[in-house]
Structures are given as C-alpha cells and as structure tokens.
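The values are calculated or read from the model by the stated rules, or taken from the named source; none is laboratory data. Small disclaimer: the values here were computed from a predicted structure and weren't measured. A quick note on method: Cβ atoms are made from the backbone with ideal geometry, for glycine too, and the neighbour counts reach across all protein chains shown.
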Amino acid sequence: MTGNFDSLLGQFFTPITNQYVENVVTNSRLQQQVVRRVVGAPDVLFVVEDLGLVDNLYPNIFARSDADNWINNDALNGQSSLDGPGVVQLPIRFAFSNRLPYFLNQTPFYLDELYSSRSVVWGAFDGTTAPPIVFPNWWSIQALEEEILNPLPP
C-alpha cells in the first residue's frame, strides 16, 4: 500500500462508503434517491511540519490550504456580489509549526531569554480527566503551568 499512512497511529487510512436515502422534489413530485459517497482519504488533515520563518526572525506558527482550487458557482445567483454556491475541494489541510516553543530576544535592551518574548505552545486533550499533552512532548504540562503561574519578571 502507498500513501495515507498515519505514522502516529501506525496504520493506513481505511476507505469507507457512506450510503443513505434522501427525499427530493422533482417535477412537483416527491421521490427518493440513494446517495453514496466513497471516502478514500480524510476530508480534513491536521499536520505538524516546519513552516519556515517570518522575516527570517521567528517561526510561522500556522498555515492552512488556500481556496484557489475551490469551485465558485457565484454566477448561478445572477449577482456576482453574493458568495456561493460553491464546492470546497478536499482535503482541507491545517498545518502547525514544529518549531515551538521559541523565545524572541528584542534588541538593543533585551538580549537574554529572561526578558524575551515567548511563543505559544500546542497541546491536545481528550475531554476526560486525563492531563493535556503539551507539544513538543519534551515540555511537560508541569513546566507550562510553572511558566504561566510564576512568570519571569519583565
């Protein structure tokens, strides 16, 4: 098999088929039709990668796929100033930086990490009482709590 491998879960994406019956009105008559959609890949992808630097200074922390390839059927409205209808081309991709956390030292007066600006960090939780997971995973939730509750003096 090639592609669609999830290295975190250690498995391939398993295609699924959604099938249902819907009621439609055509020629003033109610009819039923079977709708089937084969999902061969995820519709939304969340990834972590190196997104490069902004102005060669600090990491770009977030990116998403653009809408250049989306299908815009705005002309169907009869007015081009309205949005849609349209079709979102899948997959939608959300990318998070793997270069976090970072400290930005500002010149000329703040040249050490004691007075640096700190970045955001990523985390995940599962909605249970289990503690959140902080990314990168070498930074513990306890270290994050300590930084928030006892910040270094400005």
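General observations
- Residue count, the stretch 2-18 (criterion: surrounded by 10 or more Cβ atoms within 10 Å (Cβ to Cβ) and either in a loop (DSSP other than H, G, I, E, B) or modelled with pLDDT of 90 or more (or both)): 3
- Within the stretch 18-58, being under 24 Å from the mean Cα position of the chain (by Cα) and β-branched (Val, Ile, Thr) holds for VAL38, VAL39, VAL44, VAL47, VAL48, VAL54.
- Taken over the stretch 65-79, the criterion of being under 13 Å from PHE94 (Cα atoms) and surrounded by 14 or more Cβ atoms within 10 Å (Cβ to Cβ) is satisfied by SER65 alone.
Residues are listed down the side, and each one gets a yes or a no for (1) of a type in the set (Asp, Glu); (2) surrounded by 10 or more Cβ atoms within 10 Å (Cβ to Cβ); (3) at pLDDT below 90; (4) assigned to a loop (DSSP other than H, G, I, E, B):
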position	(1), (2), (3), (4)
VAL21	no, no, no, no
VAL25	no, no, no, no
GLN31	no, yes, no, no
ARG36	no, no, no, no
ASN56	no, no, yes, yes
ALA63	no, yes, no, no
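Residue by residue, here is whether (1) modelled with pLDDT under 85; (2) of a type outside the set (Asp, Glu); (3) not in a loop (DSSP other than H, G, I, E, B) holds:
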position	(1), (2), (3)
ALA41	yes, yes, no
ASP66	no, no, no
GLN79	yes, yes, no
GLN89	no, yes, no
PHE94	no, yes, yes
LEU114	yes, yes, yes
ASP126	yes, no, no
ASN137	yes, yes, no
